[in-house]
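Worksheet: one structure, shown below.
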Amino acid sequence: MKHSMMKLASSDRLFVLTGAGISAESGLATFRGSGGLWNGHRVEEVATLEAWDADPELVWRFYSMRRRDALAVEPNAAHIALARIEEKLGDRFYLCTQNVDDLHERGGSRRVHHMHGSLFQSRCVRCDKPFADQSFYETAAALPMCNNCGAPVRPHIVWFGEIPLDLDSIYAPLDRATVLLVVGTSGSVYPAAGFVHIARQRGIRTVYIGPEEPANAEAFSEVILGTATEVLPTLF
Ligand code: BJW
Ligand code: ZN
């Protein structure tokens with residue numbers, strides 16, 4: 001379906017799911033497709049517990065690079081548009097992102113659920129409590145250890161095979177939403193890729209925005225082909 005104006009009723013509740021595509025126009029690489037490689041590694045090779053166990057230095061170099069990249073870019077018009085919609089809708093708006101960057105927050109969003117973790121937090125593998133961390137760990141000698149117990153500190157990121165953060169707090173607003181808006185995600189990583197199926201079963205409007213059809217396109221009631229910054233500021 002081609003571009004259609006999104007109209008919300010005052011009683012609507014909007015659930016927004018974003019993916020790497022919303023940060024693409026800020027200059028951050030997406031995971032899949034062109035530019036989706038890092039030093040010849042696929043994301044599946046650096047974003048797993050197996051990778052961490054085998055080579056924590058490689059994993060920390062990857063996430064240190066991701067921190068550097070995120071620190072060097074700015075939120076774009078799509079992040080800012082979502083912050084404006086939150087301002088208008090208040091608690092009838094819920095933002096869930098798969099992204100670990102902080103561009104939604106820097107774009108003005110107040111409440112953001114980072115289901116796959118946060119780039120600027122780390123946690124001790126034993127104490128398990130996340131803490132703010134903007135450091136780079138790029139050599140074996142520099143790998144961080146817990147001040148408390150001496151165990152290794154890892155990125156506060158949800159890797160393949162790990163359970164996304166606080167899923168219960170996602171499903172409640174998803175079950176109450178009257179519109180699901182999904183932006184810039186390939187629809188290939190679960191459980192996020194299944195949110196549209198849950199919404200569709202309840203018969204609500206499900207809208208996708210991105211330059212190409214996602215893997216789960218057939219589940220959406222509307223697919224708007226365009227980039228996040230082209231389309232999001234024109235909605236509502
Ligand atoms: C633009 C644009 C522009 C470009 N504007 N758009 C078989 C079947 C089903 C499931 C599984 C399975 N085998 C394994 C699983 C489970 C697995 C999974 O889904 N694997 C698939 C690969 C098959 N999932 C998990 O392991 C998850 N955990 C889990 O399932 O636990 C079990 C459980 C769950 C629930 C209940 C009970 C039990 C955990 C997944 C963790 C994902 N982690 C990563 C890396 C860590 C974060 C990081 O380092 O940043 O998260 S993987 C990576 O993919 C990252 C992303 O958040 C995630 C999604 O990627 P995204 O955002 O979709 O990016 P791309 O690159 O794929 O797409 C970009 C899109 O943008 C494209 O479509 C472009 O067109 C578009 N675009 N420019 C708008 N300007
Ligand atoms: Zn510890």
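Readers should treat all values here as calculations from the given coordinates under stated rules, not as data from a laboratory. Predicted model only: the values in this text are computed from it and were never measured. Note: ideal-geometry Cβ built from the backbone for every residue, glycine included; neighbour counts use all protein chains shown.
Tabulated results
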quantity	calculated
First in the stretch 203-217 and closer than 15 Å to Leu180 by Cα, second anywhere and part of a strand (DSSP E or B) and among the charged types (D, E, K, R), Cβ under 6 Å, 6 or more apart	Val207/Glu222
Matching residues in the stretch 141-183 - criterion: being surrounded by 12 or more Cβ atoms within 10 Å (Cβ to Cβ) and small (Gly, Ala, Ser)	Ala142, Ala151, Ser169, Ala177
Flag for Trp60 being more than 14 Å from the chain's Cα centre (by Cα) and within 16 Å of ligand 2 (Cβ to nearest atom)	no
Pair list, Cβ under 9 Å, 6 or more apart: the stretch 125-142 residue more than 15 Å from Leu58 (Cα to Cα), other residue surrounded by fewer than 12 Cβ atoms within 10 Å (Cβ to Cβ) and of a type in the set (S, T, N, Q)	Arg126/Asn148; Cys127/Asn148; Lys129/Asn148
Among residues of the stretch 112-165, those that are more than 17 Å from Val189 (Cβ to Cβ) and away from ligand 1 (no atom under 11 Å from the Cβ), counted	36
